[in-house]
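> Supplied in structure tokens, the structure appears directly below.
The values are calculated or read from the model by the stated rules, or taken from the named source; none is laboratory data. For clarity, every value in this text was computed on a predicted model and none was experimentally measured. Note that we place each Cβ from the backbone using ideal geometry, even for glycine, and neighbour counts take in every protein chain shown. Accessible surface is based on the protein model in full, side chains and every heavy atom, while ligands, DNA and RNA are left aside. Shrake-Rupley method; radii C 1.70, N 1.55, O 1.52, S 1.80 Å.
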Amino acid sequence: MDRKSRYANNTYEQWLERAQRFCASRERCASEVLRYLDGFDCPPALMQQVVAALTSDGFIDELRFARAFARDKARLSAWGEIKIRHALAARRVSREAIDEVLRDLHESGELPDLYAVLSRKVANMYVNEEDTVLWARLLRFAYSRGFHPEEAQRIVRQVMREHASPSSEE
């Protein structure tokens, strides 16, 4: 008997209990719970009921999830605003919640400092201020982390100037 058929006759209460355990391990959003239940072939009508119950019971809170997700990605992974916005949108978090969370991160100064991130990256590298390959590499890195293009270009220029190896200035 395969995994999916084992859960085919689950009741609403069994699906709810399974989803509650899933949500208890960390913050979850509704789309993660739906994907989780879909993986067990939960009937779509029951999935919607379970998510509604989890939301009303406080297991799922979109704003709480968005805050935790954004704060973790900004602090631990040094993600910029753009990447956080796209990741939350991919998890179907509302635009209002995303805007509020990013506004809070800006106000609290919790978004990562691109200068510090790039300085760590080039700390042990030979840097020539005119090196276009390194310039492009650092820009791609900054873009991939979700920083705004204008800010990235300005900071990359500054980092390359300040970290230029002494022999490159001759």
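> Can you pull out the residues in the stretch 119-143 that are closer than 21 Å to Ala70 by Cβ and either in contact (Cβ under 8 Å) with a residue 40 or more places away in the chain or among the basic types (Lys, Arg) (or both)?
Scanning the stretch 119-143 gives a single hit, Ala142.
> On to the next question. Could you tell me how many of the residues in the stretch 96-128 are assigned to a helix (DSSP H, G or I) and under 19 Å from the mean Cα position of the chain (by Cα)?
So the count comes out to 15.
> Can I ask one more? So if I check each of Leu54, Leu16, Leu63, which one is over 30 Å from Leu105 (Cβ atoms) and surrounded by 12 or more Cβ atoms within 10 Å (Cβ to Cβ)?
Leu16
> For the stretch 66-95, give me each residue that is open to solvent by less than 40 Å² (accessible area, probe 1.4 Å) and outside any loop (DSSP other than H, G, I, E, B).
Within the stretch 66-95, Ala66, Ala68, Phe69, Ala70, Ala74, Glu81, Ile84, Ala87, Leu88 meet the criteria.
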